[in-house]
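> Below is the structure I would like to discuss, written out as structure tokens.
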Amino acid sequence: MNRQFPLAGLLRLRQTQQDAAASGLARANARSASLRSRKATAREELAESAGNAGSSAALLAIAAARASAQSMLAELDALAASAEAEAAEARAEYTEAKRRAVGLEKLENRHGAAFEASALRVEQGVLDEIASSAWHRSSAQPAPVHPGAGPAARKATS
């Protein structure tokens, strides 16, 4: 059995794709968080600007500023929704890339286990052959004969 995993190149490609998808997801999440923070800050600033109108011109200026702030909040809401959609898409891409990589990683683990089992079988075969040949060599030698034991003693022990 080949020690190297035959799909190692494909596995590296899948892991690279997974890493790229993970960085895309991180960027999308960072953009989404940034837009949420900007939106919250803009809402706080709008709530804090109560402004007292001393004249009709000041009242018109406050109304224009609030209308501008409202349109800015609407744009931020649209951008945040777009960023959330991008983050969801990036999350789906990452999940798919991870799924493809995990399948190959499992195959690589199985291949490694099969290779180890094969190597152990070969090693056990060599050890069995060594033990068997040693046993055959020792059984081919005649048994030691005790001095003083005659043919009758040898027949009795046989």
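The values are calculated or read from the model by the stated rules, or taken from the named source; none is laboratory data. The structure displayed is predicted, hence computed values, not measured ones. Cβ sites come from the backbone with ideal geometry, for glycine too, and all protein chains shown count toward neighbours. The accessibility values were calculated without ligands, DNA or RNA, using every heavy atom of the protein model including side chains. Shrake-Rupley method; radii C 1.70, N 1.55, O 1.52, S 1.80 Å.
> Calculate log10 I(q)/I(0) of the stretch 1-50 for q = 0.13, 0.28 Å⁻¹, where I(q) comes from the Debye formula with a single equal point scatterer on each Cα and nothing for solvent.
-0.55, -0.95
> Label Val102 and Ala78 with points 7 Å out from Cα along Cα→Cβ: what is the distance between them in nm?
In this crude label model, Val102 to Ala78 measures out at 3.9 nm.
> Here's another thing I want to ask about it. Which value in nm describes the separation of the simple spin-label points at Thr16 and Arg110, placed 7 Å from the Cα toward the beta carbon?
Taking the simple label geometry, Thr16 and Arg110 are separated by 2.6 nm.
> Considering only protein heavy atoms and a 1.4 Å probe, what is the carbon-and-sulfur percentage of the accessible area of the chain?
Taking all protein chains in place, the chain shows 59 percent carbon and sulfur surface.
> Separation between the Arg36 and Ser71 pseudo-spin-labels, each 7 Å from Cα along Cα→Cβ, expressed in nm?
Each label point lies 7 Å from its Cα, and together they span 2.9 nm.
> Pairs of Cα atoms under 8 Å, at least six residues apart: use those to get the relative contact order of the chain, whole percent. All intermediate terms of the calculation are to be shown ahead of the outcome.
Numbers: 65 pairs, mean separation 66.0, N = 158.
Reported as a whole number, the value is 42 percent.
> Choose one of Ala63, Leu10, Ala114: the residue whose Cα lies farthest towards the positive end of the charge dipole of the chain (beta-carbon charges +1 Lys, Arg; -1 Asp, Glu; about the Cα centre).
Ala114
> Follow-up. Measure nothing but the geometry: give the 0 to 90° angle between the long axis through the Cα atoms of 56-140 and the longest principal axis through the Cα atoms of the chain, rounded to 10°.
0 degrees
> I'd like the orientation of helix 8-48 relative to the chain: the angle between its Cα long axis and the longest Cα principal axis, in ° from 0 to 90, rounded to 10.
Long axis of 8-48 versus the principal axis of the chain: about 30 degrees.
> The chain: percent of C-alpha pairs farther apart than 25 Å? Numbers along the way, then the final one.
Working: 8542 of 12403 pairs.
Taking all Cα-Cα pairs of the chain, the fraction more than 25 Å apart is 69 percent.
> Applying a 10 Å radius around every beta-carbon, put 54-60, 103-109, 30-36 in order of their mean neighbour count, most first.
30-36, 103-109, 54-60
> In the chain, with Lys and Arg counted as +1 and Asp and Glu as -1 at Cβ, which of these residues, Gly103, Gly125, Ala21, has the Cα nearest the positive end of the dipole, that is, farthest along it?
About the Cα centre, the residue reaching furthest to the positive side is Gly125.
> Also, I was wondering about something else. Once Lys and Arg get +1 and Asp and Glu get -1 on their Cβ, which of Asn52, Ser37, Ala83 lies farthest toward the positive end of the dipole of the stretch 21-97?
It is Asn52.
> For the stretch 26-111, with equal point scatterers placed on the C-alpha atoms only and solvent neglected, what are the log10 I(q)/I(0) values from the Debye formula at q = 0.25 1/Å, to two decimals?
-1.10
> Follow-up question, since we're still on this one. Report, in debye and to the nearest 20, how large the dipole of the chain comes out about its Cα centre when Lys and Arg carry +1 and Asp and Glu carry -1 on their Cβ. Don't skip to the end; give the middle numbers.
On the way: 20 positive and 17 negative charges, 165 e Å.
Value, rounded to 20: 800 debye.
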